[in-house]
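Take this structure, written in structure tokens, and hold onto it; I'll ask about it next.
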Amino acid sequence: MGLSAPKSGFTVIEIVAVMAVMAVVLLVVISRATDVHADVHAEAQIIKSHIRHAQTLAMASNAYSWSITFGSQSYTLNRNGAPSPVRFPGESTATRALPARVMITSGAGTLNIGPDGSPGNADHVLVLNNGIASVTVTRQTGLVP
């Protein structure tokens, strides 16, 4: 008699709620995927800290020569030209691997640190991710701004 078939489907409110949740998730995913700048700048600060640590070691001990060898994806603290038994602060070894989205694009090689903490007569500049961040060790003074 007056019976009608039950209606199936979603209400407008349910569709809008699902779209809002999807938009929030998408926003979080996109912001994490594109925020490589924050990772690079954070890693530059860690590299500066590790250089300062090596400078402190060099100034504290004239018995050893200290250096850091930089590659594109990692760097190693050296004592007398070999990997050091002393490790970087916060690391389990004398080598630090850079995060997957961070790389040294210029300045790789060995940074020799004199007994006064300086790199000698030339600045040593490391460039990360094609210029997103850089680390400079100032000639003669060893300043790492």
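Could you pull out every one of the strands (runs of 3 or more DSSP E) wholly within the range 50-145 that has 2 or more residues that are under 19 Å from His37 (Cα atoms)?
On the way: elements: 66-70, 74-79, 95-97, 104-106, 109-113, 124-128, 133-137.
In the range 50-145, 104-106, 124-128, 133-137 are the strands (runs of 3 or more DSSP E) which contain 2 or more residues that are under 19 Å from His37 (Cα atoms).
Okay, residues lined up against (1) more than 17 Å from Thr138 (Cα to Cα); (2) without any contact (Cβ under 8 Å) to a residue 40 or more places away in the chain; (3) under 22 Å from the mean Cα position of the chain (by Cα); (4) surrounded by 15 or more Cβ atoms within 10 Å (Cβ to Cβ):
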position	(1), (2), (3), (4)
Ala38	yes, yes, yes, no
Gln45	no, yes, yes, no
Lys48	no, no, yes, yes
Leu126	no, no, yes, yes
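Hey, among the residues in the range 1-38 that are closer than 29 Å to Val127 by Cβ and among the polar types (S, T, N, Q), which one's modelled with the lowest pLDDT?
Checking each candidate, the answer is Thr34.
In addition: Against the conditions (1) closer than 24 Å to Ile132 by Cβ; (2) at pLDDT below 90, where does Ile46 fall short? Just the number, please.
Unmet for Ile46, out of (1) closer than 24 Å to Ile132 by Cβ; (2) at pLDDT below 90: (2).
Being loosely packed, with under 15 Cβ neighbours inside 10 Å and without any contact (Cβ under 8 Å) to a residue 24 or more places away in the chain narrows it down to one residue among Pro85, Pro99; which is it?
Details: Pro99 fails: without any contact (Cβ under 8 Å) to a residue 24 or more places away in the chain.
That would be Pro85, the only listed residue that is loosely packed, with under 15 Cβ neighbours inside 10 Å and without any contact (Cβ under 8 Å) to a residue 24 or more places away in the chain.
The values are calculated or read from the model by the stated rules, or taken from the named source; none is laboratory data. If you're wondering where the values come from, they're calculated on a predicted model, not measured in any experiment. Heads up, the Cβs are rebuilt from the backbone with ideal geometry, glycines too, and the neighbour counts pull from every protein chain shown.
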